[in-house]
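Take a look at the structure below.
The values are calculated or read from the model by the stated rules, or taken from the named source; none is laboratory data. As the structure is a computational prediction, the values presented were derived from the model and not from experiment. Note: ideal-geometry Cβ built from the backbone for every residue, glycine included; neighbour counts use all protein chains shown. For accessibility, only protein heavy atoms count, side chains too; no ligands or nucleic acids. Shrake-Rupley method; radii C 1.70, N 1.55, O 1.52, S 1.80 Å.
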Amino acid sequence: MQWSEGRLKPLSLKLFAFGGTPGMAYSYATVPSLADSQGCQPVVEVDTYEVPSALPIASSVDRFFDTYARYLEALCAIPGFRKEGEVALTFPWEIPQFIGRDERLVELIRAGAFNALMRETGETRDWVERVLGAPSGM
């Protein structure tokens, strides 16, 4: 993918986009400047629709895939999901309880590491509060 060029350029931190659905306004990216001592980079969901912003969703790519797997399990457990095929849970907005288990991510959010990337809205603030209030650990 690319560094913060094109659609990602307006964001204040450089990001490395690694996934998403082509043609959609959402993608997943790492934040190299926030890497830990082992080089693990946090993951954000980037929204380039209207005003570009990003939402922190994992402290590393491994944690991202673990959280996404938990999301898919929860989604499949919803009665009627397999028959209807409708998305009954929205990732990451409706799973703050899974994201909040990532202790390093919670520390980074509390330290304000993502403030420059997040959109200042009531919805975002509420979501962050739910993430911070979730029980920690796996």
Neighbours by Cβ (under 6 Å, 6+ apart or cross-chain): first from region 70-89, closer than 23 Å to residue 101 by Cβ and at pLDDT below 85; second open to solvent by less than 50 Å² (accessible area, probe 1.4 Å) and among the aromatic types (Phe, Trp, Tyr): 88/81
Complete set of residues in region 42-63 that are without any contact (Cβ under 8 Å) to a residue 60 or more places away in the chain, of a type in the set (A, V, I, L, M) and not in a strand (DSSP E or B): 61
Boolean, residue 33 is in a helix (DSSP H, G or I), out of contact with any helix residue (DSSP H, G or I) (no Cβ under 6 Å at 6 or more places or on another chain), under 22 Å from residue 13 (Cβ atoms) and open to solvent by 20 Å² or more (accessible area, probe 1.4 Å): yes
Residue satisfying condition, being surrounded by 11 or more Cβ atoms within 10 Å (Cβ to Cβ), in a helix (DSSP H, G or I) and of a type outside the set (Ser, Thr, Tyr), within set 75, 117: 75
The lone exception for residue 62 - which of (1) in contact with a strand residue (DSSP E or B) (Cβ under 9 Å, 6 or more places away or on another chain); (2) exposed (fewer than 13 other Cβ atoms within 10 Å of the Cβ); (3) at pLDDT 85 or above it fails: (1)
